[in-house]
């Protein structure tokens, strides 16, 4: 039987290894969109209803977590829109310019890329944390909230796992 990463190294290093692998997965599906705000825009859009999620809601999350101003939030939304992952809509569901009052809706491209990203992430989690050889069929809608929660808790801890495992302290 092959030993998993979790069997041979401390938990902090295992988590840090996963985060490094996760970054590669994210970049495979969302190249160039590597800022935390991009990540929040994509997760929020993918988790939202067909009508979308409000820009103000995304901004509240970004401001509360990182102190991100509304202009930066809108710039990140524009980046995601330019790559075809989201649509920016007004209250009537018509295309509009990104603004605090707009809604952000997932495109089919985002749904497809995000779902493949979720499957790859779950496979990597199972491999790194000692999971099964073959995974059952997993619906990405069921996996989004736990993945989002994991990264939110990591962010709230200020990335302590990665710094501890690399020997750096801030």
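Does residue 58 meet the test of being in contact with a strand residue (DSSP E or B) (Cβ under 8 Å, 6 or more places away or on another chain) and under 21 Å from residue 113 (Cβ atoms)?
Details: in contact with a strand residue (DSSP E or B) (Cβ under 8 Å, 6 or more places away or on another chain): yes; under 21 Å from residue 113 (Cβ atoms): yes.
For residue 58, the condition - in contact with a strand residue (DSSP E or B) (Cβ under 8 Å, 6 or more places away or on another chain) and under 21 Å from residue 113 (Cβ atoms) - is met.
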Given (1) at pLDDT 85 or above; (2) assigned to a helix (DSSP H, G or I); (3) surrounded by 15 or more Cβ atoms within 10 Å (Cβ to Cβ); (4) over 13 Å from the mean Cα position of the chain (by Cα), index of the condition residue 127 fails: (1)
If you check residue 105 against the conditions, is it in a loop (DSSP other than H, G, I, E, B), surrounded by 17 or more Cβ atoms within 10 Å (Cβ to Cβ) and at pLDDT 95 or above? no
Cβ pairs under 8 Å, 6+ apart, first in segment 107-126 and within 22 Å of residue 16 (Cβ to Cβ) and not assigned by TED's automatic domain parsing to the domain that holds residue 78, second surrounded by fewer than 17 Cβ atoms within 10 Å (Cβ to Cβ) and modelled with pLDDT of 90 or more: 117/28; 120/28
Candidate set: segment 61-74, residues that are at pLDDT 95 or above and under 13 Å from residue 104 (Cβ atoms); chosen: the one surrounded by the most Cβ atoms within 10 Å (Cβ to Cβ): 73
Looking at (1) at pLDDT below 90; (2) assigned by TED's automatic domain parsing to the domain that holds residue 128; (3) loosely packed, with under 15 Cβ neighbours inside 10 Å, which is the only condition residue 50 fails? (2)
Please go through segment 76-102 and give me each residue that is free of Cβ contacts under 8 Å to residues at least 12 places away in the same chain and surrounded by 15 or more Cβ atoms within 10 Å (Cβ to Cβ), ordered by number. 96
Residues that are at positive phi, at least 2 per element: which helices (runs of 4 or more DSSP H) completely within segment 35-93 meet that? none
Please work out which one of (1) modelled with pLDDT of 90 or more; (2) surrounded by 14 or more Cβ atoms within 10 Å (Cβ to Cβ); (3) more than 22 Å from residue 96 (Cα to Cα) is the condition residue 33 fails and give its number. (3)
Checked pairs for segment 16-27, first assigned by TED's automatic domain parsing to the domain that holds residue 121, second surrounded by fewer than 12 Cβ atoms within 10 Å (Cβ to Cβ) and not in a helix (DSSP H, G or I), C-beta under 9 Å and 6 or more apart or across chains, list as 23/34; 26/34; 27/34
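The values are calculated or read from the model by the stated rules, or taken from the named source; none is laboratory data. For clarity, every value in this text was computed on a predicted model and none was experimentally measured. Quick reminder, even Gly has a Cβ in these numbers, built from the backbone with ideal geometry, and neighbours come from all protein chains shown.
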